[in-house]
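S.K.: Here it is, the structure, as structure tokens.
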Amino acid sequence: MPTSEHLLLLLVVLPFIGSVVAACMPSNARNREAWLAGLVALIGLLVVVYLYQPGGGEVLHYRREWMPLQGVSFSLRMDGLAWVFALLVLGIGLLVVVYARYYMSPEDPVPRFFSFLLAFMGSMLGVVLSGNLIQLVVFWELTSITSFLLIGYWHHRIDARRGARMAFTVTAAGGLCLLAGVLILGHIAGSYELDVVLSVGQAVQAHEWYVPALVLIALGALTKSAQFPFHFWLPHAMAAPTPVSSYLHSATMVKAGVFLLMRLWPTLSGTPEWTWIVGGAGVCTLLIGAFTAIFQHDLKGLLAYSTISHLGLITLLLGIGTPLAMVAAIFHTMNHATFKASLFMAAGIIDHETGTRDMRVLRGLHGALPITATLAIVASGAMAGVPLLNGFLSKEMFFAETLLVGGAESWWLSWAAVAMGVFSVAYSLRFISVFFGTLPDDLPRVPHEPPRWMRFPVECLVLLCLVVGVAPGVSVGPVLENAVVSVLGERTPDYNLAMWHGFNLPLMMSLAALVGGVLFYLLLRRYYGLAARERVPVLHRFSGAQAYETTMLRLSAGAAWLVKWLGTRRLQPQLLLLMLALLVVPALLVQPLPRPRFDPAVLAGADPLFALMWVIGCGCALAAAWQAKYHRLAALILVGGTGIVTSMTFLWLSAPDLALTQLMVETVTTVLILLGLRWLPPRIVPRELNIRIPHSVWLRRSRDFTVAVAGGLAMAVLSYVVLMRPQPPSIGDFFLLRALSEGGGTNAVNVLLVDFRGFDTMGEITVLTIVALTVYALLRRFRPAPESVALPAQQESKIDPASTQTPAEQAEHGYLLVPGVYVRALLPFMALAAAYFFMRGHNLPGGGFVAGLIFAVGVIAQYMLAGTTWVESRLHLRPQRWMAWGLVVACLTGLGAWLLGYPFLTSHTAHLNLPLVGEVHVPSAFMFDLGVFMVVVGSTMLILVALAHQSIRSHRLPAGSPAETRAAARQEAA
């Protein structure tokens, strides 16, 4: 039976696994995707219920070391507060999945929808269950990314794209602030573990960096929870499908900010700075959101602004900072999630059945939708704070806390609370007004009740509103107690969740809000023309969305100005700017580098052969610059000569791994440039046409030559100064001493790459994969003009004019080059060489990167010598699969060590005794190096083969010809 800690891991991992599986399902598997998502949510919900600890219980932990020296680990932590939020995420998530099954159209890409939804569910669970602050920020940003995908799900609509960009920009910017604040907080606390941070609240508040940490963390929380002045993004996110709106804006996305404030409340609260920042933002949001909601015409728009207002209420309670305010904040968070999710679903049903959400045309729906109308009216009553419903209890607690804080002298906060109550009653009446009156005849669809199971989630949530409102102590009391104790600990106050507390001032405030809200709504409807208003009085002049758009336009204009004056599409000016920056930047250093001191003794041990080699390399470089004007192929050959000299230099200086890598990179680069030469426009050669070069051209070339030489000398001097200055004990000694004992290999370079800095290497191969896929995607859209490319003269002279094939096809099939039998024998030899360098890499020069380049060069040689048709008809390489499996193998290697209780990518060594072979040294880094090998092979092949395909396509006959058709088919197959 799995332990509790493994069940915590399952909670976070299972939604991501489900997301991948859903994404791989066919588009017509609508029921299967919904069943999959529902099963994932149901399993998670059952696990959460199983992990319930009555009476507070102990905190459950799951911890695996990630980077122990930096204090970063993968840590999961479930206490009462995390349990409540996990219950909301999975419980409402399950209901949303059931609802979405009937809401989404068969024409929608439903696999993508459920994949995004499950990924978001996993990200949100990661936020609430994280026991490490750095890990919490990672999941925090994942919620921003996945919510961006969900909000922009209908990407064909401009409002969806605009809303998704706005939400992502604001919340991602807040996430960066949160990261900075978390780094400061972890530095103050001495650890990023949540248990440690929560136990040193007094030390944190006494530190001089407390205010910067508080401001940055508050920015992260306020942007995520749409608090003033960042509240403008939430209404624009309503362009998402209604199941998304119901989920993101009731129990998950916007609740992440208030969860963070609750989570860090023991450490950061209790100071005037906390009260003014958090409480000030809350009271502003409370009033602005409630007042604006009254004047909305879109049902979802009204619910969006009401969500902003209720989030402001929770934030204000947290800003008040008293223990009873924390109780009220947690209680209202639970209540708001239930009635707001049901109202969003009811709005979606109205839209689904009538074809519109415009309250100016909707009325009289009670007759056509009697059950839905009843459910929506009850949920609206909970939102307005009507007695016997859950919203009434938590709002009454809110009124009591405002009275306690204000005391007998300051009543402004209590007046603000009553005003918010009046506004909430008014917009709740506005919402349910669509069910009364006469049903119009011009609705886009004839309304009727939705399918039974589409209404079922609304019925469950409304039932919860009733049960909690009538019997709060029995239904929600123990759960609330657990959450409160987990935050407040010994400071937990005495409170009573009874439905009736007698006639007191908070009850009078509630009744005043109810009566005042009804009168205010009737007044606006009769005398103000509420249904005809297009703008919110006064507030329309202060639009946060307009400020955001203006800022984005100014940034775009500034970027365009920089591109205009500093950017160019020509390579030569870009290189000129780089060389000038290379000369200028060292002069701006605060601490100038010491003057280089040349020691004549250095030349005493110089080898003439080494000097001659460098003379050859410099000569190749200068000759390449000269030949580039006349013959590009000759210039490429000379550049390859400089690369060979560089490789020989590494070899001379006892760096064989670098020499091998440089040699193979030079080979691949030469092929890359060779393919690119075919796309360059023809050049007029003055020497052959007896044309005199203008004086301005000589000046420009002289300038470029001078700048290039100066840049090279600057790099040489900089390198010399850095290498010749007195050095402390080198870090290289660390790796040389520990390569064999801790990494299991004698080749320190390879051990460094696959063991000591394996995480960096995994990041590098991930970036390499992304670059390769990007190049491939761009080349698929690129179509070079046939007349701009010509076959080299060497091939043109050997073309058979009697052949029925095009010149490019003759060259492609290898008729003009090396006999096929030699070409076919080359690949096995290259594969054998790659295997040799791969197997010896952990102890001798070699490794996965070099072996991957060797094998890739062997495959590319087949393309160059045998032609695309022969190779692709016999070798089904699938470069994308090589890259994908390479990343999977590398990740699984790290996860294997991690699941065994060691830090991620920790290497282990085994010695196996095999028959006929003897003892074999097998480090776990071998598998990681295999992943590197596969990624390098796949990336190199994908880029170069895509370039080769474009070169072949450029020689085809006009579109529609048989040759063009065959090339297009091969391109798509690749």
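S.K.: Can you check what the net charge comes to around ASP442, using other residues whose Cβ is under 14 Å from the Cβ of ASP442 (Lys, Arg +1; Asp, Glu -1)?
M.R.: Taking every other residue near ASP442 into account, the sum is +1.
S.K.: If all Cα-Cα distances of the range 269-536 are sorted into 5 Å bins from 0 onward, what percent lands in each bin, rounded to whole numbers?
M.R.: It works out to 1, 6, 13, 17, 18, 16, 12, 8, 5, 3, 1, 0, 0, in whole percents.
S.K.: Still on this structure, I have one more. Multiplying the sequence separation of ALA833 and ILE770 by 0.36 nm and subtracting their Cα-Cα distance, what value in nm do you get?
M.R.: 19.9 nm
S.K.: Report, by chain and number, residues whose modeled amide H sits under 5 Å from the one on SER225, excluding near sequence neighbours (fewer than 5 apart, same chain).
M.R.: Here the answer is GLY257, since their amide H atoms fall under 5 Å of that of SER225.
S.K.: Next question, about the same structure. Residues with amide H under 5 Å of ASN747's amide H, sequence separation 5 or more or different chain, H placed in the peptide plane at 1.01 Å from N; which?
M.R.: Distant-sequence amide H within range of ASN747: ASN843, LEU844.
S.K.: Output ³J(HN,Hα) for the range 351-365: one whole-Hz value per residue in order, computed from phi by the Karplus curve 6.51 cos²θ - 1.76 cosθ + 1.60 with θ = phi - 60°, and x for Gly and Pro.
M.R.: Residue by residue, the range 351-365 yields 5, 5, 8, 10, x, 8, 10, 7, 5, 6, 10, 8, 6, x, 7 Hz.
S.K.: Do any chymotrypsin sites (Phe, Trp or Tyr not before Pro) in the range 9-101 lie in a DSSP loop with no more than 15 other beta carbon atoms within 10 Å, and if so, which? Mind showing how you got there, number by number?
M.R.: Details: sites: PHE16, TRP35, TYR50, TYR52, TYR62, TRP66, PHE74, TRP83, PHE85, TYR99; in loops: TYR52.
Filter output for the range 9-101: TYR52.
S.K.: In debye, nearest 20, what is the charge dipole magnitude of the range 1-262 about its Cα centre with +1 on Lys and Arg Cβ and -1 on Asp and Glu Cβ, if you could check?
M.R.: I would put it at about 700 debye.
S.K.: With N set to the residue count of the range 274-375, report its C-alpha Rg divided by 2.2 N^0.38 Å to two decimal places.
M.R.: So the range 274-375 has a normalised radius of gyration of 1.27.
S.K.: Using the number of other C-beta atoms within 10 angstrom as an exposure proxy, rank HIS207, HIS332 with the fewest first. Let's see the in-between values first.
M.R.: Details: HIS207 17, HIS332 23.
Ascending number of Cβ neighbours within 10 Å: HIS207, HIS332.
S.K.: Using θ = phi - 60° and the Karplus relation 6.51 cos²θ - 1.76 cosθ + 1.60, list the HN-Hα couplings for the range 758-764 in order, rounded to whole Hz, with x at every Gly or Pro.
M.R.: My calculation for the range 758-764 gives x, 5, 4, 5, 5, x, 5 Hz in order.
S.K.: Dividing the Cα radius of gyration by the Kirkwood radius, what Rg/Rh value follows for the range 53-191?
M.R.: We get a ratio of 1.04 for the range 53-191.
S.K.: Give me TRP561, TRP652, TRP500 ranked fewest to most by other Cβ atoms within 10 Å of their Cβ, as a rough exposure proxy.
M.R.: By the 10 Å Cβ count, ascending, the order reads TRP500, TRP561, TRP652.
S.K.: Within 13 Å, Cβ to Cβ, of MET124, how many net charges do the neighbouring residues add up to if Lys/Arg are +1 and Asp/Glu are -1?
M.R.: +1
S.K.: Hey, another quick one. Within 10 Å of each candidate Cβ there may be at most 13 other Cβ atoms; applying that plus a DSSP loop requirement, which trypsin sites (Lys or Arg not before Pro) in the range 550-587 survive?
M.R.: Here the sparse-neighbourhood loop sites are ARG569, ARG570.
S.K.: Still on this structure, please answer the following. Residue-wise, which Karplus ³J(HN,Hα) couplings in Hz belong to the range 118-131, taking 6.51 cos²θ - 1.76 cosθ + 1.60, θ = phi - 60°, and x for glycine or proline?
M.R.: Values per residue, Gly and Pro as x: 5, 5, 5, 4, x, 5, 5, 5, x, 5, 6, 9, 5, x Hz.
S.K.: Any idea what the alpha-carbon Rg over 2.2 N^0.38 Å comes to for the range 1-262?
M.R.: Working: Rg = 18.4 Å, N = 262, 2.2 N^0.38 = 18.3 Å.
My calculation over the Cα atoms of the range 1-262 gives 1.01.
S.K.: Next question, about the same structure. Toward the positive end of the charge dipole of the range 269-536, about the Cα centre and with charges on Cβ (Lys, Arg +1; Asp, Glu -1), which of HIS297, THR285, VAL479 goes farthest?
M.R.: HIS297
S.K.: Quick one: which residues, 5+ away or cross-chain, put their amide H under 5 Å from the amide H of SER130? H built at 1.01 Å from N.
M.R.: Counting only residues 5 or more places away or on other chains, the set is ARG77.
No value in this document is a laboratory result; all are computed from the given coordinates. It should be emphasised that the depicted structure is a prediction, and the values quoted were computed from it without experimental measurement. Here the Cβ is made from the backbone with ideal geometry for all residues, glycine too, and neighbour counts use every protein chain on show.
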